Every structure is written in structure tokens, then in C-alpha cells.
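This report refers to the structure that appears directly beneath it.
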Amino acid sequence: MDKNLWEKSVAFHGHHCPGLAIGVRASVEALKALAIDFSRDEEVVCVVENDACGVDGVQVITGCSVGKGNLIFRNRGKQAFSFFNRKTGKSIRLVLKDLPDMERDEKEAYLLNEPDAHKIFDFKTPSYQLPETARIFQSVICEVCGEKTAEPMIRLENGKKCCLDCATPYTRGF
């Protein structure tokens, strides 16, 4: 593991931990597998299936971010990361394997230094296609709270345009 990349990730995240190491290692392996580099715009897309520490590692190593629209949350509570190369169309999904019991620091070191990444991750193909590029939407004023809201996040309720916070959810328990 490149010590500088790890230290940069720790500085961004605020502390070192096995969770951060998972995202850093998944990102390093994906960059190698897809022959890609740090994403300055939307050349690389990452779909993360959790909202845990590893996502910070993905941001630092790959350059993917929510603000650029190339870091997408598909929260399934899994330590799984799908990476897409927009230029070639190639993709890879890394899923953390069930690791042996280890102490916290030992696990972090294992995740960062184990030479065979196939002992850490299952390398798969994502079951979904490359997400579209980020779009810019018109803003619509919520007629309840008065705040601007992106057009796709507006609901029509009793004839009024409502943001998601003001709209009444309708789920019928499902």
C-alpha cells in the first residue's frame, strides 16, 4: 500500500480504522483492474453500497464525489463497491469477503498489506449498468416551505408543489 495515499485518506477521514482501509484497498484494486487514474471529472464512477468509513477512502483514492455526481449511494448495507470506467465501459464490483477474526489494528494492516487482493475481495461484475452522467435540474419553489427544490424532488399534493420534506409520504406500509 502506498503510505502517502493511506496517510492522505486518514487525514481526510479523521482517523485510521479497518473500515477506511476497506474503501482504500477496494479503490486501489479497482484502479489497477480498470487501468484508470484519479477522476478529475466523471471519467470514473463509483457506486457504493454502504454509508460507512470506506466511502471516504473511495473519495480520496478515486476522486469520486457526490458533488461531481460520480459517487453514488446505493445503500444495501454491504461492503461492496462498483467502479465504472466511462471511457472504456469496463466495470468491476469488489465485495468484501468474510475475513478471519483479528484485532482491529491487525485487520487494518491485513487489509492494507495482504498481497493477494482476492483473499480480501470477491471480484465480480456489477448487476447494473453504468449510471448516466450528472444532470442539472430546474429549481421549483415548494409552495409549503418556500424553498427551492430540484424539479425531480417535487411532489404534487392537493394541487400544490411540495418538496419531499413537506409532502406527506404515501407508502401503505411497504
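Computed from the coordinates by the stated procedures, all read-outs in this text should not be read as laboratory data. Every value quoted in this text rests on a predicted model; they were computed, and no experiment measured them. In this analysis, Cβ positions are derived from the backbone assuming ideal geometry, glycine residues included, and neighbour counts consider all displayed protein chains.
Using alpha-carbon positions, what is the distance between the centroids of the stretch 118-136 and the stretch 51-88, in Å?
Between the Cα centres of the stretch 118-136 and the stretch 51-88 lies a distance of 9 Å.
GNM on the chain, C-alpha springs below 10 Å: top fluctuator among V44, V58, V66?
Result for the chain, Cα springs under 10 Å: V66 fluctuates most.
Net charge near C145: determine it from the other residues with C-beta under 14 Å of the C-beta of C145, scoring Lys and Arg +1 and Asp and Glu -1. Please report the intermediate quantities before stating the final value.
Working: positive: K148, R155, K160, K161; negative: E143, E147, E157, D165.
Summing Lys and Arg as +1 and Asp and Glu as -1 gives 0.
Using a Debye calculation, one point per C-alpha and no hydration shell, please list log10 I(q)/I(0) for the chain at q = 0.13, 0.19 Å⁻¹ in order.
For the chain at q = 0.13, 0.19 Å⁻¹, log10 I(q)/I(0) is -0.72, -1.14.
Can you tell me what the convex hull of the Cα atoms of the stretch 43-120 projects to on average, as an area in nm²?
Working: hull surface 22.9 nm².
Over all viewing directions, the stretch 43-120 projects a mean Cα-hull area of 5.7 nm².
Taking N as the number of residues in the stretch 86-128, what is its Cα Rg relative to 2.2 N^0.38 Å?
So the Cα radius of gyration is 1.45 times the expected 2.2 N^0.38 Å.
Any chance you could list P(r) for the stretch 82-174, counting all Cα-Cα pairs in 5 angstrom bins from zero, rounded to whole %?
Answer for the stretch 82-174: a P(r) of 2, 11, 12, 10, 8, 10, 10, 11, 12, 9, 4, 1, 0 percent.
In the stretch 34-93, what chymotrypsin sites (Phe, Trp or Tyr not before Pro) fall in a loop by DSSP, with at most 16 other Cβ atoms inside 10 Å? The partial results should precede the final answer.
Numbers: sites: F38, F73, F81, F83, F84; in loops: F38.
The qualifying sites are F38.
Which of G67, G159, G54 moves most in a GNM of the chain, Cα contacts under 10 Å?
Ranking G67, G159, G54 by mean-square fluctuation puts G159 first.
Of the cross-linked pairs K78/K160; K3/K87; K8/K78, which ones have a Cα-Cα span greater than 27 Å in the structure shown? Provide the component values of the computation, followed by the final result.
On the way: K78/K160 38 Å; K3/K87 29 Å; K8/K78 24 Å.
From the list (K78/K160; K3/K87; K8/K78), the Cα-Cα distance tops 27 Å for K78/K160; K3/K87.
Could you work out the local net charge near Y170, counting Lys and Arg as +1, Asp and Glu as -1, over the other residues with Cβ closer than 13 Å to its Cβ? Mind dumping the intermediate values first?
Working: positive: R155, R172; negative: E157.
Local charge sum for Y170: +1.
Roughly how tilted is helix 3-13, in degrees to the nearest 10 and between 0 and 90, from the longest Cα axis of the chain?
30 degrees
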